[in-house]
Structure formats: C-alpha cells, structure tokens
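Undergrad: Structure in structure tokens, see below.
The values are calculated or read from the model by the stated rules, or taken from the named source; none is laboratory data. Just so we're clear, the structure is a prediction, and the values are computed from it rather than from any experiment. All Cβ positions, even for glycine, are placed from backbone atoms using ideal geometry, and neighbour counts span all protein chains on display. Only protein heavy atoms, including side chains, enter the accessible area calculation; ligands, DNA and RNA are left aside. Shrake-Rupley method; radii C 1.70, N 1.55, O 1.52, S 1.80 Å.
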Amino acid sequence: MPAIVGVAQVITLGSSSVFHIGDVYKIMPLSNAKTFSGAGSFNTGESLTVRNNQSSTNTYDPDSIDQAILLNA
C-alpha cells in the first residue's frame, strides 16, 4: 500500500542497520563479527570485583578464513 512520507532525517546508520521507507517485500541485513575478549570482559552489574592476575587472550587465527554468511537466508 503506497504511503506519503514527509521529511526524514537520518543522522547515522550502523553496519547492519536498515533504513526503510515505503513498500518492501523482504528486509534481510547480514553482518558478521569476530570478538576477542579476555577474562571478565562482559561482566555487568553493580559492585563487581574481578581479579584476573595473569590473563591473556589468544588472538592467533592460523586459518585466516572463517565461515561466510553468503546465501544465509
């Protein structure tokens, strides 16, 4: 169903975001990421006490090719 849209101001769009105005059949954003994090990285909450005296994160990736997101529908 057609729509009349007034002014639209877009300040920023992220890497896997979608900005859509009007009719659409299918919206399917694809994104991939590789995250390296050390011990205690994703802790959330109040009054946390995290002790990691000797922590290291191994970021060595010998294969250099990861699984693709091509044709993942």
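Undergrad: Answer yes if at least one residue in segment 16-31 is hydroxyl-bearing (Ser, Thr, Tyr), open to solvent by less than 80 Å² (accessible area, probe 1.4 Å) and over 16 Å from the mean Cα position of the chain (by Cα), and no otherwise.
TA: Checking segment 16-31: not a single residue is hydroxyl-bearing (Ser, Thr, Tyr), open to solvent by less than 80 Å² (accessible area, probe 1.4 Å) and over 16 Å from the mean Cα position of the chain (by Cα).
Undergrad: OK, next. Applying the selection to segment 39-67, what residues are small (Gly, Ala, Ser) and surrounded by 10 or more Cβ atoms within 10 Å (Cβ to Cβ)?
TA: 39, 40, 41, 55
Undergrad: For the structure I just gave you, tell me whether residue 5 is assigned to a loop (DSSP other than H, G, I, E, B) and either open to solvent by less than 70 Å² (accessible area, probe 1.4 Å) or touching a Ser or Thr at 6+ places or on another chain (Cβ under 8 Å) (or both).
TA: So residue 5 does not fit the description; no.
Undergrad: How many residues does segment 17-64 contain that are free of Cβ contacts under 8 Å to residues at least 40 places away in the same chain, within 30 Å of residue 7 (Cβ to Cβ) and of a type outside the set (Ser, Thr, Tyr)?
TA: Number of matching residues: 10.
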